[in-house]
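So the structure is just underneath, and the comments pick up after that.
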Amino acid sequence: MALINEHYLKLSKNYLFADIAKKVNAYKVSHRNARVISLGIGDVTQPIAPAVIEAMHRAVDDMATKETFHGYGPEQGYPWLREAIVKNDFLPRGIHISADEIFINDGAKSDTGNIGELVRWDNSMAVTDPIYPVYIDSNVMNGRAGSVNEKGEWSNVTYMACNEENNFVPSIPNHRVDMIYLCYPNNPTGMVITKDELRKWVNYALKNDAVIFYDAAYHAYIQDSDIPHSIYEIKGARKVAIEFHSYSKTAGFTGIRCGYTVVPKELTAQTMDGKQRLPLNPMWLRRQSTKFNGTSYISQRAAEATYTPEGREQVKATISYYMTNARLMRESLTRMGFKVYGGENAPYLWMKTPDGTTSWSFFEQLLYGAQVVCTPGVGFGPSGEGFVRLTSFGNREDCEEALHRIGEWLHV
Ligand SMILES: *Cc1c(COP(=O)(O)O)cnc(C)c1O
């Protein structure tokens, strides 16, 4: 008899974006002529850089002749892409990562969800609140999160509140945890972590023999020169951290699919009997070779093209387009009297709702008052209550029109 994995039954349905769509549709039905603008888009919208498109065309042509055809590639990714990553993403920051510490994947979501396989199911874990839901849900699926209470909190998860008081960087837990998920620049808050703050986490992990899963999906949006792009900028991080990168937000690859995970060779964990410390890098290679057959050759050629001189310029121009949207949004909304966080080193703005309005009630007011859609912050965790997330991934004209409407709605 096949019995199901009952941990799946504990998962809550992720209603957030479905609920938003339902409410927006209800509005549209009763306001047929309204043109609703979304500042809630969680996906990129601008086309792929021409240098990347050309590389993909060439890669497709490679498949057409016997001499240049590519079948299965190495599970870990093609060496030319891993070398390009070492040379472009790490060496210029003084970080020494070797190509065999890099694992190419089909985007960061898969690996942030799968990485938990490397450590025992009963390790304790800590996450920031608000949070990208993958970190918790993937641990619910393997039983590590424990049981859930009526507030939606899991018994084996430590929630680290990110709020105005701590500038959206959580304080170190006052007890031991084995696994820590951090994401900076952060989705949803758009806030960043300084080197000094990040150093505290690395030191905590070194002291407590914990492992940090560091999601750097938005590092390309960092504008301030003193904000770390990688946790490996911190001394000692190679011993305690696994880092996730993605071309999704960096270069608009949400539909192409490519990213990578760094598992340094010094990163080790103990066996249950305490007799051995073993490196996680060979374990991840074994895992990938068994369960993953590599990212498509075409996607990897596309990723490689983001590092060519033209590719870099073009990718940078798109990021700068989104960051101009973010600046316009930040400036206008601040002028209108809103308290706005983020949006300086990330494509997300985390806006405080006025006068203690709840996230959902402000969502409705904004929709009915200005025909603008935002994402209620509480959908990302309890600490998100009283905030909404705005994204700068839209078109400039829509962004400007939305700001104009919000101003008219508020008479400011
Ligand atoms: C978008 C995003 C990713 C990237 O996901 P892909 O699978 O690479 O498209 C990773 N982490 C966070 C927090 C994200 O918002």
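The values are calculated or read from the model by the stated rules, or taken from the named source; none is laboratory data. Quick caveat: nothing in here was measured; it's all calculated off a predicted structure. So basically every Cβ, Gly included, is an ideal-geometry build from the backbone, and we count neighbours across all protein chains shown. All accessible areas refer to the heavy atoms of the entire protein, side chains included, with ligands and DNA or RNA removed. Shrake-Rupley method; radii C 1.70, N 1.55, O 1.52, S 1.80 Å.
When you go through (1) among the hydrophobic types (A, V, I, L, M, F, W, C); (2) modelled with pLDDT of 95 or more; (3) within 16 Å of the ligand (Cβ to nearest atom) one by one for residue 16, which number turns out not to apply?
With (1) among the hydrophobic types (A, V, I, L, M, F, W, C); (2) modelled with pLDDT of 95 or more; (3) within 16 Å of the ligand (Cβ to nearest atom) applied to residue 16, the lone miss is (2).
Within the set of pairs 6 or more residues apart or between chains, which connect a residue that is basic (Lys, Arg) inside the range 1-23 to a residue that is open to solvent by 90 Å² or more (accessible area, probe 1.4 Å) and outside any helix (DSSP H, G or I) with Cβ atoms less than 6 Å apart?
none
Given (1) more than 24 Å from the chain's Cα centre (by Cα); (2) at pLDDT 95 or above, identify the lone condition not met by residue 412.
Among (1) more than 24 Å from the chain's Cα centre (by Cα); (2) at pLDDT 95 or above, the lone unmet condition for residue 412 is (2).
Of the residues 96, 57, which is in a helix (DSSP H, G or I) and surrounded by fewer than 18 Cβ atoms within 10 Å (Cβ to Cβ)?
None of the other options fit; the residue is 57.
Take residue 177 and decide whether it is within 14 Å of the ligand (Cβ to nearest atom) and of a type in the set (Val, Ile, Thr).
No.
What are the residues in the range 109-129 that are more than 16 Å from the chain's Cα centre (by Cα) and either on the phi > 0 side of the Ramachandran plot or open to solvent by 30 Å² or more (accessible area, probe 1.4 Å) (or both), if any?
The answer is 117, 120, 121, 122, 123, 124.
Given (1) open to solvent by 20 Å² or more (accessible area, probe 1.4 Å); (2) away from the ligand (no atom under 16 Å from the Cβ); (3) at pLDDT 95 or above; (4) not hydroxyl-bearing (Ser, Thr, Tyr), where does residue 153 come up short, assuming only one miss?
Every listed condition holds for residue 153 apart from (3).
What residue, of 328, 333, 367, is open to solvent by less than 10 Å² (accessible area, probe 1.4 Å), farther than 21 Å from residue 163 by Cβ and either modelled with pLDDT under 95 or part of a helix (DSSP H, G or I) (or both)?
Going through 328, 333, 367 in turn, just one is open to solvent by less than 10 Å² (accessible area, probe 1.4 Å), farther than 21 Å from residue 163 by Cβ and either modelled with pLDDT under 95 or part of a helix (DSSP H, G or I) (or both): 367.
Would you mention how many residues in the range 227-265 are of a type in the set (Lys, Arg) and touching a Gly at 6+ places or on another chain (Cβ under 7 Å)?
1
Looking at the range 11-19, can you tell me whether even one residue there is in a helix (DSSP H, G or I), more than 30 Å from residue 396 (Cβ to Cβ) and out of contact with any helix residue (DSSP H, G or I) (no Cβ under 7 Å at 6 or more places or on another chain)?
Scanning the range 11-19, I find no residue that is in a helix (DSSP H, G or I), more than 30 Å from residue 396 (Cβ to Cβ) and out of contact with any helix residue (DSSP H, G or I) (no Cβ under 7 Å at 6 or more places or on another chain), so the answer is no.
Of the residues 43, 89, only one is assigned to a loop (DSSP other than H, G, I, E, B), of a type in the set (D, E, K, R) and within 16 Å of the ligand (Cβ to nearest atom); which?
43
If you go through the range 270-299, how many residues are under 20 Å from residue 207 (Cα atoms) and of a type in the set (A, V, I, L, M, F, W, C)?
Residues that pass the stated criteria total 3.
Every residue in the range 293-347 that is closer than 21 Å to residue 366 by Cβ, of a type in the set (D, E, K, R) and in contact with a Leu (Cβ under 8 Å, 6 or more places away or on another chain), please.
Scanning the range 293-347 gives a single hit, 330.
For the condition under 30 Å from residue 11 (Cα atoms), modelled with pLDDT under 95, out of contact with any His (no Cβ under 9 Å at 6 or more places or on another chain) and open to solvent by less than 20 Å² (accessible area, probe 1.4 Å), what is the one hit in 136, 104?
Checking each option against the conditions leaves just 136.
Can you give me the number of residues within the range 35-55 that are of a type in the set (A, V, I, L, M) and under 20 Å from residue 360 (Cβ atoms)?
The total comes to 4.
Considering only residues that are within 14 Å of the ligand (Cβ to nearest atom), in a helix (DSSP H, G or I) and under 20 Å from residue 269 (Cα atoms), which ones fall in the range 99-117?
111, 112, 113, 114, 115
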